[in-house]
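Below is one structure, written out as structure tokens; comments come after it.
The values are calculated or read from the model by the stated rules, or taken from the named source; none is laboratory data. Everything quoted here is computed from the prediction, not taken from an experiment. Don't worry about glycine lacking a Cβ; one is built from the backbone with ideal geometry, like all the others, and counts go over all protein chains shown. When the accessible area is computed, the model is the full protein with side chains, heavy atoms only, and any ligands, DNA or RNA have been set aside. Shrake-Rupley method; radii C 1.70, N 1.55, O 1.52, S 1.80 Å.
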Amino acid sequence: FLIWGVRNKSINLLGIFTVTVAAATPLAFGAMSGIMCERSGVVNIAIEGMMLTGAMVAVIFASITDSLWIGLLSAVIASGILGLFLGILAIHFRIDQIIAGTAINIFALGITSFISQRFLQPNPSLNSGGVFSKVAIPGLSQIPILGPMFFNQTPIIYLLFIIIIAIHFMLFYTRWGLRTRAVGEHPKAADTLGVNVFKVRYINVIIGGMIAGIGGSYFTIGSVGRFDEAITAGKGFIGLAAMIFGRWSPFGAYGASLIFGFFDGLQSKLQILGKTQVPIPTEWLLI
């Protein structure tokens with residue numbers, strides 16, 4: 001149906017691939033956050049709320065300090081605090097993890113909407129943090145197709161690549177990774193061998209929150225430079241789906257994020273063609 005709809009029309013395939021990487025970035029950050037948490041035995045439904053909070057905090061502090069890096073660091077800290085809060089609820093008080101995560105999502109949506117309406121809309125200077133510029137890596141950015149896709153991007157996307165490699169190495173090639181997987185799969189056995197289950201889970205959940213904060217900052221200082229209510233639009237939940245689709249593996253989850261990102265980029269390109277040249281219903285493309 002889609003091929004019929006765009007017959008005899010032109011689509012820039014390299015443009016779609018470039019958009020794919022950009023669209024996959026917040027999903028991949030959400031997936032990495034989920035991996036850090038779930039590998040240690042904590043289901044993190046709160047990724048959406050953490051990303052939303054990170055998006056708002058990043059643009060506010062970037063606007064106040066006129067520094068995108070301080071905005072990024074602020075997002076990491078704010079979402080890390082939410083990760084700590086999730087840990088207190090789910091690990092210490094043993095509240096149902098789904099309910100705890102949902103509560104954080106509701107809180108994040110409410111507080112960010114309130115701050116947006118009360119402070120950001122009346123004061124546009126607090127909501128104009130700017131965006132990171134693309135940085136081309138010499139040599140690698142000249143590689144056909146792959147160069148523009150992966151090596152001519154913003155620092156946040158490069159940071160994602162580093163995090164994916166680091167998590168993979170940590171999980172499968174370090175003692176901490178072994179303990180993380182043991183705590184997630186057999187906490188009683190790990191405790192019997194002297195592993196501090198609470199400590200491992202707390203640290204991983206806080207790190208997961210920080211990673212979600214970086215993903216949230218991408219929505220603002222990584223792309224549009226301003227915050228709007230519910231700007232994450234459910235991407236945290238899609239990131240969670242990408243994590244499951246990728247079998248709780250960093251590279252698998254990123255591959256799944258690229259699949260989601262590709263169709264997101266494709267539908268945006270087809271919508272442009274549909275509006276001007278062919279009658280493709282927008283609803284079909286969004287599905």
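Would you check if there is a residue in segment 230-240 being at pLDDT below 95 and among the aromatic types (Phe, Trp, Tyr)?
No, segment 230-240 contains no residue that is at pLDDT below 95 and among the aromatic types (Phe, Trp, Tyr).
Please count how many residues of segment 51-72 are in a helix (DSSP H, G or I) and without any contact (Cβ under 8 Å) to a residue 12 or more places away in the chain.
Within segment 51-72, residues that are in a helix (DSSP H, G or I) and without any contact (Cβ under 8 Å) to a residue 12 or more places away in the chain number 3.
Go through (1) out of contact with any Ser or Thr (no Cβ under 7 Å at 6 or more places or on another chain); (2) closer than 20 Å to Phe245 by Cβ; (3) surrounded by 22 or more Cβ atoms within 10 Å (Cβ to Cβ) and name the single condition Ala28 misses.
All conditions pass for Ala28, except number (1).
Across segment 193-242, what is the number of residues that are of a type in the set (Lys, Arg), in a helix (DSSP H, G or I) and either touching a Lys or Arg at 6+ places or on another chain (Cβ under 8 Å) or farther than 15 Å from Ala24 by Cα (or both)?
Summing the residues that are of a type in the set (Lys, Arg), in a helix (DSSP H, G or I) and either touching a Lys or Arg at 6+ places or on another chain (Cβ under 8 Å) or farther than 15 Å from Ala24 by Cα (or both) in segment 193-242 gives 2.
Tell me whether segment 132-146 contains one or more residues that are open to solvent by less than 50 Å² (accessible area, probe 1.4 Å), outside any loop (DSSP other than H, G, I, E, B) and in contact (Cβ under 8 Å) with a residue 24 or more places away in the chain.
no
When you go through Leu84, Leu120 one by one, which is the residue that is in contact (Cβ under 8 Å) with a residue 12 or more places away in the chain, touching a Phe, Trp or Tyr at 6+ places or on another chain (Cβ under 8 Å) and open to solvent by 20 Å² or more (accessible area, probe 1.4 Å)?
On the way: Leu120 fails: open to solvent by 20 Å² or more (accessible area, probe 1.4 Å).
Leu84 is the lone residue from the list that is in contact (Cβ under 8 Å) with a residue 12 or more places away in the chain, touching a Phe, Trp or Tyr at 6+ places or on another chain (Cβ under 8 Å) and open to solvent by 20 Å² or more (accessible area, probe 1.4 Å).
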